[in-house]
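Have a look at the structure below, then the notes.
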Amino acid sequence: MPELAYLNGKIMPIAEAMVPAEDRGYNFGDAVYEYVASYNGKLFCLELHLDRLAHSMREMRFAPLSMETIRHAILDLFEKGQMARAGIYIQISRGVAPRNHAYPPTDTPLQFFMTVRPVHEKPPEVREKGAFAITVVDLRWGRCDIKTVQLVANCMAKQQALEAGVFDAIFVSAQGVVREGTSSNLFIAKNGVLVTHPLNHQILPGITRQVIMDVCRDQGIEVQERFFYREELAAADEAFLTGTITEVLPLVRIDGQPVGDGVVGPLARRLQHGLLERIQ
Ligand code: PDD
C-alpha cells in the first residue's frame, strides 16, 4: 500500500514530490483542488468531482486541461496506490511564474499535483453518538463555490473548534445566515423536513450534499434549499454535516446547547444508511 504522489505526469514517493517556490498556489493560493475517496477499490462519485473541478478551473480562468487527461491520471495513481479505501487529493495551480499579481502568459503550464493515501476513518462512535460544534463568523471570501486552496479561514475556524473541545465549526454570516462546516455542508431538520443552504457563491456545492438530496428524493423526504438563520439552527430537531470523509455526521450539541433531544435523530440515522446503500 504505497503512499504516492503524482506531479505533472510522474508518480513518485510523496517525500520526493517537490514544487518550485514560485508556484502560484504557494504565492497566491492560486490553485484549485478536489478530494475523492474510494470504497472497496472503487472511487465514489468520480465524475461529479471531475465536473466540480472543471467548474473551479473555468471560474478561475485556468488554461484548459482536458478532463480525460485528469481522469486518466487519477485512475493511474489510484491503481498504483493499491488501496481499497484510498483518499486522492488533487491540486492544480496556475503554474510557476515570477511573483506578479497579474496572471502569467496563458501558455504557462498548469502545475498538476496529487497524492494517494489510505483514508483515516473517524472513530465509529462519533458517527454513532454524534459530535459537538460551535458557530463562528464566516470570514471567507465571496466565491466559496470555487474549491480553491485558500483555506486559511477554514483552518482558523477548525482550530478554534478544536481548542473549544468540539469537533467542528459552522460558518454563520455576519447577518446570521447559517452556511456550512469548515469542510462539510450542513443540513438541519424540523418536523421531518430538511433545510440546507442554497447553492450560490457562499458555500461549496458538496458532492455528498447532492447524493444525500438524491437519497431524500428517492425516500420521499422533503428538502428545502433556502437561507436559514442562527435561530432556526438553535431550534432544529436535528443537524448533520455531510462531506466526502465526513459522510453523514450528526451534530448533537451546538454552542453548548443540545440539538433537539441531544441525541442522534431518526433522519440522520436514515440518511447514514441511505448513503451507505449508495456507496455499496
Ligand atoms: N472538503 N464544504 C466545504 C467548505 C468543503 O471543504 C467540503 C469538502 C464540503 C463537502 O464537499 P464534498 O461532499 O464534495 O466532500 C463542503 C474536502 C473533503 C476537503 O477540504 O478535504
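The values are calculated or read from the model by the stated rules, or taken from the named source; none is laboratory data. Since we're looking at a predicted model, the values are computed, not measured. Neighbour counts are summed over all protein chains in view; Cβ atoms, including those assigned to glycine, are modelled from backbone coordinates with ideal geometry. Accessible surface is based on the protein model in full, side chains and every heavy atom, while ligands, DNA and RNA are left aside. Shrake-Rupley method; radii C 1.70, N 1.55, O 1.52, S 1.80 Å.
General observations
- Out-of-range pairs (alpha-carbon distance over 24 Å; input Lys122/Lys190; Lys42/Lys80; Lys122/Lys158; Lys80/Lys147; Lys10/Lys158; Lys10/Lys42): Lys122/Lys190; Lys80/Lys147; Lys10/Lys158
- For Asp30, solvent-accessible area (1.4 Å; no DNA, RNA or ligand), Å²: 10 Å²
- Note on the stretch 247-268 and the stretch 43-75: Cα centroid distance 34 Å, given to the nearest whole angstrom.
- Accessible surface of Glu225 - all protein chains present, 1.4 Å probe, nearest 10 Å²: 90 Å²
- For the stretch 107-150: rounded, prolate or oblate by the Cα gyration tensor [a/c cutoff 1.5]: oblate
- Spacing of the two label points (7 Å from each Cα toward its C-beta) at Arg85 and Glu125, in nm: 1.8 nm
- Calculated accessible area for the stretch 124-279 comes out at 45 Å² per residue, all protein chains present (probe 1.4 Å; ligands, DNA, RNA ignored).
- Checking every one of the trypsin sites (Lys or Arg not before Pro) in the stretch 1-107 against DSSP loop status and a limit of 14 other Cβ atoms within 10 Å picks out Arg61, Arg85, Arg99.
- Heavy-atom accessible surface of the chain: percent carbon and sulfur, 1.4 Å: 55 percent
- Three-way shape label, the stretch 40-168, alpha-carbon gyration tensor, a/c 1.5: oblate
- For the set His72, His197, His55, the ranking by accessible area, highest first and with no ligand, DNA or RNA atoms included, is His72, His55, His197 under a 1.4 Å probe.
- Ala157 sits among other residues whose Cβ lies under 14 Å from its own Cβ, and their net charge, with Lys and Arg +1 and Asp and Glu -1, is -2.
- Rounded to the nearest 500, the helix-only mean residue ellipticity at 222 nm of the chain stands at -9000 deg cm²/dmol, with each DSSP H run of n ≥ 4 adding -39,500 (n - 2.57).
- Global geometry of the chain, whether rounded, prolate or oblate, following the gyration tensor of its Cα atoms and the 1.5 cut on a/c: prolate
- Within the shell defined by Cβ-Cβ distances under 15 Å, the residues around Leu43 carry a net charge of +2, with Lys and Arg each +1 and Asp and Glu each -1.
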